[in-house]
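FYI, it's all coordinate maths here, none of it is from the lab. This one's a predicted model, so the numbers in the text were calculated from it and none came from an experiment. Cβ placement follows ideal geometry from the backbone for every residue including glycine, while neighbour counts extend to all protein chains displayed.
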Amino acid sequence: MLQFKQIIPTLIISSFIIGGFQIPLKAAPGGTQNAIVVAQGVPSLSTLVSAVTAAGLVSTLSSLSSPAPFTIFAPSNAAFTALGQDTVNTLLDPSNVTLLADVLKYHVIPGSEISAATAISVSPTTRASVQGDTIAISSTGAGNVTLNASTQNATVITADVAATNAYVHVINKVILSSALSTRVTNAVADYTNITKIATRTPSVSTLVSLLSATNLVAPLSTTGPFTVFAPTNDAFNALGTNTLNVLALPANATLLSDILKYHVVSGNVSAATAQTLTTANSLQGDAIALSSTGVGNVTLNASTQNAIVTTPDVTGSNGRIHLINKVILSSALAARLNTAITAAASTTPTTTPTPTTTPTTLTKTGDNLLLLPFIGVAILALGAIGFNRFKKSK
């Protein structure tokens, strides 16, 4: 399995190909080996070699060709690590594949092979990258080449690595144009937004669903900052199915929204800061009681729900999240919830049995007696008819 530092170089190579251009492999002056073999001799690119080999890209890269020369400024393994975990994760996110490709293409200058000596002779100068933005190249002496001195101030730490049809210069920093820097900054801010962090945290998926249902995701995605005491899925399940069903009723949408807002505090409140507080005002308006018995041990509403912060200080670009093991309620919210539960129970429709029609059967003695007069009349009528026929026959 590829390690973190091995994945990035793989993506560099992949993005160069996917981005619509190829790393040329025609021999540069003094270079008789392809880029893979050359890179194997550069210690600072060892993770690149490992990643390319593990990904099965050696033969692919070795067979690439192009009539135009290139100059590649290759960030070292340490250069990518220096970006920070959040930035690296942001660039590796599938939603940012175009940004990643542009960042990598910015490190390649097409149409010329720029050796360290050439860079020194033309310093200071700017050259357009494959991505389109320009790279500022400067030098203060033999072999001392700097890129974007006023911003990243990246230095060539290994110059003139001659590969087929390209000069490769290993640099100690990832370089970015002003426009790319802004795009990366915005992408990192979006990726590390507390709502995005919550979305990527499986243990609070119920909270995320409820925030979405109550249209609270957008407000919590603004600059804030906000501190969210986030109940885990188990915390919501502990409320019981009936309570959750009641909160899901359209009539209780405002109540649900208020309960969720009760878990949010304006400001960036760390666990350490929370230990110094006795109360915190929620966005809903009611206060949350805070208490602590030690570093990182924060309890909310100890006299009622007694919720505990189980995972503190998940920091984001617009605040932080503390995972808690119970849903918290102010006394007023608890009363409103109980009222809603009672109301839902009283309005629950009951099933009324469908009446069945049974044919009337005379079985009672009284019913039979009612028929006697009619039977008597019938007998007399039949008797009269018979007597008349008897007389006529005489």
How far apart, in nanometres, would the label points at Ser303 and Asn338 be if each is projected 7 angstrom from Cα along the Cα-to-Cβ direction? 1.6
Protection proxy (average C-beta count within 10 Å per residue), highest first, orders 101-111, 82-92 as 101-111, 82-92
List every residue whose amide H lies under 5 Å from the amide H of Ser129, counting only residues 5 or more places away in sequence or on a different chain, with H placed 1.01 Å from N in the peptide plane. Thr134, Ile135
Kindly work out what percent of the DSSP beta bridges joining two residues of region 196-346 are antiparallel, to the nearest 5. 75
Between Ala117 and Val42, what FRET efficiency follows from the Cβ-Cβ distance if R0 is 22 Å, with the result rounded to 0.05? 0.70
